[in-house]
Each structure stands twice: as structure tokens, then as C-alpha cells.
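The values are calculated or read from the model by the stated rules, or taken from the named source; none is laboratory data. Every value quoted in this text rests on a predicted model; they were computed, and no experiment measured them. Methodologically, a virtual Cβ is constructed for each residue, glycine included, from the backbone with ideal geometry; neighbour enumeration extends over all protein chains shown.
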Amino acid sequence: WTLRIKVRQNSGRNQALLLFSIWAAVAFTLFTYSSTKFHHYIFPAVPALSMLVALYLDDVICRRASLTMPVYLMSAALFVIVGYDLFSDPMALKNLFTYQYDREWHESLTPGFQMALKVIFFVGLAGLLCWVVRSTKVRIAALSVLMVSSTGLGVFALDVYMPQMSQDWSQENLWQTYYELCTPAEGPELAPDWKPYCEEPVISYRLQWRGETYYSHNEVMPIGDGDDLSYFLTQNGDRTFFAFMQADRWRSFQSSLPAEWRDGVELVHSENLKFELVRVYSPSAMAARRAAEGGAGE
């Protein structure tokens, strides 16, 4: 269809059609030649392909182009394959924008997600089946149904799927916990008013996911292997601090601390399946807590 463009015809429609065709071809070519091919790497081609589909459907409705049976069957087959893949395994939707496909989530989310995706799928399928009818009015109605289905998918993804899934995939809640528990402090003289500061420093232990840099406003201190932790403890002195890490590492983190620090490790956020936040009381703070607990017991 796009090969029939009259390039020399000076019309905005044909120029747009040519632009979107080149855009999609270049984006797909770059994706093809990429050494790594995660799903979201193809996203630059999606807007151009979407516009090409929209222009084609407009041509079909206005009878400037015909919807042949092979094209219709291929479109229907692709719709069914993608739709079935999504509602049979809702985790496939988040795999479109991440590269770690084996990340956990709460299985209790799956039934609700499947039901919503099935409704969206069958509404879209009903609209697609109506395209068999050659009536212009019916096809306009079918296009409206497809738009309802696509809008429903967008609303579901942004307002239901992502917020519920982010409890285990986003670091935001952990950093909210950090700023709620830490002692507020004054920032530097020229610091922006919106940026919070804490007396207790925070470290990211053997972790580099970039999200911790964003949510901590570039205040988190990365701690890797080797002597990084020892150096931090030396510089930190006798101060309580927080540590952010992957959920399977906080026990090893505790054992890597000097003996006088180990009893002060407190897990303060563990609801996230991927990350955890711990507070590490300094030896003097732990001694004060024991004294206070002992006094209360008397």
C-alpha cells in the first residue's frame, strides 16, 4: 500500500505517508542491527506504524483503498495472537518495557488483570469482525469499537496495571519510607526548597538500578564490593544510617558489618518483592535504646 505513494504529488497526506514509512523503516532497521533486542527497543517504530495503520483505515473507509481478504486475515490473526498472549499471561505486558523478564510479582494480581484484558480483547475482536461487512457505516462503527478497546487498554495499563504492579517494581514506596523515618535536616544554602535532606545518610548496597539515584535526588551513596563499606563506616563515624538493597542481600549485608553494628540492623520496608530498606543504628544509638528499654522494664 505504501509503495503506491506518488512521491512527487505535493499533498500533505502523501508527504505524511512517506515520512511515516521512512520513519518506520529506519526504526525497524536500527532495531534489526542492534546487538541486543529487548522488546522496548522497537518502541521508536510504534508511533509511525500506528499512523500508517490509521491512514490505511481512513483510506479503506473512504474507499481510496480496498481491504483484501489476505490483509484482513493476517490482521485478525495478529490481533488474536497478541490478545491471547496478553490475557493468558498479564506479565507479558510489563515485559514490553523491561529487560528482566523473570521478576516476581504477587500472583493475586493475575486473575483481575486477566479478566480486564479479556474484556478489552473481546470488545476489540468484535470491532475487528465487523470489518468484514463492506458498509461504510458499519466500518465506521467498527472503528469506534476498536477505539474504545484501545482506549480501554490504555486506561487499564496506566491507571490499574502499572499502579498495582509498581508496589513490587518501583522503588518509590521504599524511598517514601526513608524520608518518613529519617530526621529532617537543613540543606545547603543554595539547595532548592523542594529537595528533602536527612541527617541519616543512605547507601545503596551492591546495587545500581538508577532508580535509587532518582528517588534520593542524587544523595544515595553507592557501596560495591571490596572495602567500600569499611570506608563508608569509617567516614560515617558513630551515626545511624539507612541501606537500600535487593531483597536477597540484607542478610549478607548484616554479616558484612562489624560485630558492634550487626545488632542495630532493622528491616523497615520489606513489602517490595525486589528491594528492601534497612535502618542501621549506630553502636551508641543501640546502647541508648537498650538503656531506655531497660529503664522502661523497671
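Annotations
- Any chance Leu273 is within 30 Å of the chain's Cα centre (by Cα), among the aliphatic types (A, V, I, L, M) and on the phi < 0 side of the Ramachandran plot: yes
Each row is one residue, and each column tells you yes or no for (1) of a type in the set (Lys, Arg); (2) closer than 19 Å to Ala77 by Cα; (3) part of a loop (DSSP other than H, G, I, E, B).
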residue: Phe87; (1), (2), (3): no, yes, no
residue: Asp102; (1), (2), (3): no, no, yes
residue: Thr110; (1), (2), (3): no, no, no
residue: Leu129; (1), (2), (3): no, yes, no
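- Matching option when the condition is without any contact (Cβ under 8 Å) to a residue 24 or more places away in the chain and of a type in the set (Val, Ile, Thr), among Val148, Val133, Val123, Val119: Val133
- Residue match in the stretch 23-39 (condition: modelled with pLDDT under 80 and either surrounded by 13 or more Cβ atoms within 10 Å (Cβ to Cβ) or assigned to a helix (DSSP H, G or I) (or both)): yes
- Cβ-Cβ under 8 Å pairs, at least 6 apart or on other chains, the stretch 92-112 side in the same structural domain as His39 (by TED's automatic domain parsing), far side acidic (Asp, Glu) and assigned to a loop (DSSP other than H, G, I, E, B): none
- Meets criteria (over 22 Å from Gln100 (Cα atoms), at pLDDT 90 or above, surrounded by 13 or more Cβ atoms within 10 Å (Cβ to Cβ) and polar (S, T, N, Q)) for Ser204: no
- Filter result for Ser170 (free of Cβ contacts under 8 Å to residues at least 40 places away in the same chain and hydroxyl-bearing (Ser, Thr, Tyr)): no
- So Ala243, is it at pLDDT 95 or above, outside the structural domain of Tyr101 (by TED's automatic domain parsing), closer than 22 Å to Arg103 by Cβ and in contact with a Lys or Arg (Cβ under 9 Å, 6 or more places away or on another chain): yes
- Just one of the listed residues (Trp131, Trp105) is farther than 30 Å from Lys274 by Cα, in contact with a helix residue (DSSP H, G or I) (Cβ under 9 Å, 6 or more places away or on another chain) and modelled with pLDDT under 90, namely Trp131.
- Lone qualifier among Leu93, Leu146 - being more than 13 Å from the chain's Cα centre (by Cα), buried (at least 17 other Cβ atoms within 10 Å of the Cβ) and not in a loop (DSSP other than H, G, I, E, B): Leu146
- For the stretch 63-81, filtering for residues that are outside any helix (DSSP H, G or I) and free of Cβ contacts under 8 Å to residues at least 24 places away in the same chain leaves 3.
- When Ser204, Ser230 are checked against the criterion of being small (Gly, Ala, Ser) and within 31 Å of the chain's Cα centre (by Cα), a single residue qualifies: Ser204.
- Within the stretch 96-105, the set of residues being closer than 19 Å to Glu271 by Cβ and surrounded by 12 or more Cβ atoms within 10 Å (Cβ to Cβ) comprises Arg103, Trp105.
- Single residue of the stretch 183-195 satisfying the filter (over 21 Å from Tyr281 (Cβ atoms) and surrounded by 10 or more Cβ atoms within 10 Å (Cβ to Cβ)) that is nearest to the chain's Cα centre (by Cα): Lys195
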